[in-house]
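Q: If you scroll down you'll find the structure; I have some questions about it.
Just so it is clear, none of the values below were taken in a lab; they were calculated from the coordinates. What you see is a predicted model; the values in this text were computed from it and never measured. Note that we place each Cβ from the backbone using ideal geometry, even for glycine, and neighbour counts take in every protein chain shown.
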Amino acid sequence: MGQKVNPKSFRLGTIKSWSSRWFSKRDYANLLHRDITLRKAIKERLKESGVGEIEIERSSGNVKVNVHTSKPGMVIGRQGAALEELKNDVQQQFGDKIEINIIEVAKPDACAQLVAESVANQIERRMPFRRAAKQSVKKGMESGLRGIKIRVAGRLNGADISREETFKDGNIPLHTIRADVEMGEIAAKTTYGQIGIKVWTYRGEIFLKDDSSVKREEDQNWLAESRKDVPEKETKGRLEEELEANSKK
């Protein structure tokens, strides 16, 4: 069941947040399509810059766009010229007052979308898909991931019959909501058709400390401290007591 739902949508409201953060009753459909078009325009413009995610926030006519990229220098340009040009082009196209923030992706080998794009680029350059996937799995685990899984599907190596193969290392707990799991997908366009690539990455578990969890943790700490003063006689189990009784006999 965990294969059928995007891990981010499954965790919304708990450890993950929405990629578009705004609210509107009247213009919901219009703003939604504008977000989709804006994402496509920025992604197409920065397709060589390693864009992992684009977040959009709207408030009273102002649009704030956070671009997560592994190559911030290419996006910003010399003295910010490339970023200013991108901002002007996007404002002219969409007519809104748009603010663009560049956020660096410190570990691109641990970002699911960037790993998927890397595998797709290697397959498009006619590299064997097994080598590309295994190298990405190895780099992902070396960058600190707890688990990574790559699924490649289509006419692999130009075969007449399409199939899928999966490469995995570590653990991917798709049903654990507190698990920080990301998914990225892309299609590699080859001369013998498109090859679909999906990547799941697992970074670890996120524990949100609300009042109840803090109270429960304090109770557990108090219980652990109180058990230190318990006499040794009380902490003995049933097996130890039977052995002592038999030895006395």
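Q: So which trypsin sites (Lys or Arg not before Pro) in the range 20-112 pass both tests, a DSSP loop state and at most 13 other Cβ atoms within 10 Å of the Cβ?
A: Sparse-neighbourhood loop trypsin sites (Lys or Arg not before Pro): 25, 26, 47.
Q: Now, a different point. Could you compute the FRET efficiency for residue 5 and residue 207, with r as their C-beta to C-beta distance and R0 at 22 Å, rounded to 0.05?
A: Calculated transfer efficiency: 0.50.
Q: A further question on this structure: Do any GluC sites (Glu not before Pro) in the range 24-101 lie in a DSSP loop with no more than 15 other beta carbon atoms within 10 Å, and if so, which?
A: 48
Q: I would also like to ask the following. Between residue 106 and residue 40, with labels modelled 7 Å along Cα→Cβ, what's the label distance in nm to one decimal, could you check?
A: Those two pseudo-labels are separated by 3.5 nm.
Q: For residue 25 and residue 247, calculate 0.36 nm times their separation in residues minus their Cα-Cα distance, and state this gained length in nm to one decimal.
A: The span from residue 25 to residue 247 would gain 72.0 nm if fully extended.
Q: Per the Kirkwood treatment, what hydrodynamic radius in Å, one decimal, follows for the range 1-138 from the mean inverse distance over all distinct Cα pairs?
A: Over the range 1-138, the inverse of the mean reciprocal pair distance is 16.8 Å.
Q: Tally Lys and Arg at +1 and Asp and Glu at -1 over the other residues with C-beta under 13 Å from the C-beta of residue 124: what net charge comes out?
A: Net of charged neighbours comes to +3.
Q: Related question: Count charges around residue 17 for me, please; just the other residues with Cβ under 10 Å from its Cβ, Lys/Arg as +1, Asp/Glu as -1.
A: +3
Q: Right, something else. Counting only pairs 8 or more places apart or on different chains, how many lysine pairs in the range 1-124 have C-alpha atoms closer than 13 Å?
A: Step by step, the pairs that qualify in the range 1-124 add up to 6.
Q: Stretched out fully, how many nm does the piece from residue 94 to residue 187 gain, at 0.36 nm a residue minus the Cα gap?
A: Extra length from residue 94 to residue 187 when fully extended: 30.7 nm.
Q: I'd like the chymotrypsin sites (Phe, Trp or Tyr not before Pro) in the range 146-213 restricted to DSSP loop residues with at most 10 other Cβ atoms within 10 Å, sorted by number.
A: Counting only loop positions with at most 10 other Cβ atoms within 10 Å, the chymotrypsin sites (Phe, Trp or Tyr not before Pro) in the range 146-213 are 207.
Q: Name the residues of the range 13-41 whose amide N is less than 12 Å from a point 7 angstrom out from the Cα of residue 64 along the C-beta direction?
A: 21-22
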